[in-house]
1. Share of Cα-Cα pairs in the stretch 192-342 beyond 25 Å, in percent?
2. Could you pull out every residue, at least 5 positions away or on a different chain, whose amide H is within less than 5 Å of the one on GLU352? Hs are placed 1.01 Å off N in the peptide plane, and Pro or chain starts have none.
3. Can you tell me which aspartates and glutamates have their Cα less than 20 Å from the Cα of LYS116? Leave out same-chain residues fewer than eight positions away.
4. Once amide H atoms are built 1.01 Å from N in the peptide plane, which residues 5 or more positions from ALA386, or in another chain, come under 5 Å H to H?
5. How much accessible area per residue does the stretch 212-273 have, in Å², with a 1.4 Å probe?
6. Sort 117-124, 78-85 by the packing proxy (mean of other Cβ within 10 Å over each peptide's residues), most packed first.
7. Each residue of the stretch 366-378 in order: what ³J(HN,Hα) in whole Hz does its phi give by Karplus 6.51 cos²θ - 1.76 cosθ + 1.60, θ = phi - 60°, with x for Gly and Pro?
8. Pairs to check: LYS146/LYS241; LYS241/LYS324; LYS146/LYS202; LYS202/LYS355. Give those whose C-alpha atoms are more than 31 Å from each other in this structure.
Amino acid sequence: ISYRYLLRLALNTNTNEMRRRCRSHLPIILASVTSCILISRAAYSSALSILPDSAINTIERGGIAIVPNFIPPSEVSRLRADATDLYRDGHFIVDALAGYGAKAGAKDKSSFDPSKDRAVLPAYIPSQKRNGPFVSSTLGDVDGRKGLTSTISALRSDLARALDRPGLDTPDGGDNHEISFTRFGPGAMLARHIDEHHEEVKGRAGWSRPTRRSISWLVYLNEEDWDADSDGGMLRTYERKVPSEYAVGSRDGDLQIGWLTPAPNDPRERPVFLDGRRGGVSGKCALYIDSDDGGRKVYLTKEFNADPYLLLTSDFFVQNLLIKNHDLGSRFHYLEQPKSGLTAYLGEDPGERVKDVAPLGGTLVAFDSVALPHEVMPTMTRERWAASGWFHEKQQPEPMGRQIIL
């Protein structure tokens, strides 16, 4: 019996069931505990890790970690049945964010069919500042959802330690962990996007929340016979052709907004971060990268105002006007350029590569919420089910200086 099994045994059962199952495995558990006492602390941490080291490294360098069979088929079926029943009973919320909803709503709101769009069963509803149906103690398979939440909480602790993001490992709450069931109806899709943006590109509301998204995750709950070629619904990600040389996402609270692509005299892929608090003033910005040894900040630009430079701009603008060193400027690309006619004309980032992930039941995917652009390809004729969410970290404190963004 594996340590991973023992961990999930403890996490995925209610109290009575845990006692019954633990009694039957008591000799094994006692032997395992004795072994844990004898091994080193590092080996102990590795044994209890529910993610392989390769997955941690992939996330840290800006890619998508894919872990097949993260939960067994029996749990997939149980959770899918719960999600299906709760959807049929009207407890899901249609958000109309998927491509079908945007398209149908723009043409004729009366023609909008919610069964063909994305719907969620959230644990928290921010607009109403109350808990959502996912954490209800009276709806559906409460124990099944609690088991999933416990497993995901263990995942969060694992990532907090392995990625050195201690702010992830905090008690569940509406402001620090989003979790939900998600349903994509036939025809639903999500356009390319990133899950979190720097405070200064969000306008006045950018500093209003106490936390921000740090890690995105999904566990797919589809049937075993799901065929990505005929059923669709793949998660399409845009990884770097050359993995980042440095940890992605944020640096001292400053979020990443772009990349410097490799060059003959510098073969490293370098994340570019935005310091949006120069002099303690919101909107006073500068771009920087890590020094070669990772020990200090190397600024690429002089100070500039967030508005309008970050709100109405493109790779071309930053390359040629903000970064004065032409050799460095020509290497800059946004994580996700602001959409405009100029963006379409100039084309996409040549440093990206497409990586598709089939939504196979039981598979876990996880990635940095800031650094990885992605989209959901259209589903065909079937419903696409998942449990999904975001682990949060504390956002930077709001600058005390005057607001420059109007």
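1. Working: 4008 of 11325 pairs.
Result for the distance tail: 35 percent.
2. Amide H to amide H, under 5 Å and 5 or more residues apart or across chains, GLU352 pairs with LYS241.
3. Those aspartates and glutamates meeting the cut-off are ASP82, ASP85, ASP89, ASP95, ASP108, GLU223, ASP227, ASP229, ASP231, GLU375, GLU383.
4. Here the answer is THR182, LEU221, since their amide H atoms fall under 5 Å of that of ALA386.
5. Heavy-atom SASA per residue in the stretch 212-273 reads 35 Å².
6. Ranking, from highest mean packing down: 117-124, 78-85.
7. 8, 7, 5, 5, 8, 9, 10, x, 7, 8, 10, 6, x
8. LYS146/LYS241; LYS146/LYS202
The values are calculated or read from the model by the stated rules, or taken from the named source; none is laboratory data. It should be emphasised that the depicted structure is a prediction, and the values quoted were computed from it without experimental measurement. Because the Cβ atoms are built from the backbone with ideal geometry, glycine has one as well, and the counts that use them run over all protein chains shown. When the accessible area is computed, the model is the full protein with side chains, heavy atoms only, and any ligands, DNA or RNA have been set aside. Shrake-Rupley method; radii C 1.70, N 1.55, O 1.52, S 1.80 Å.
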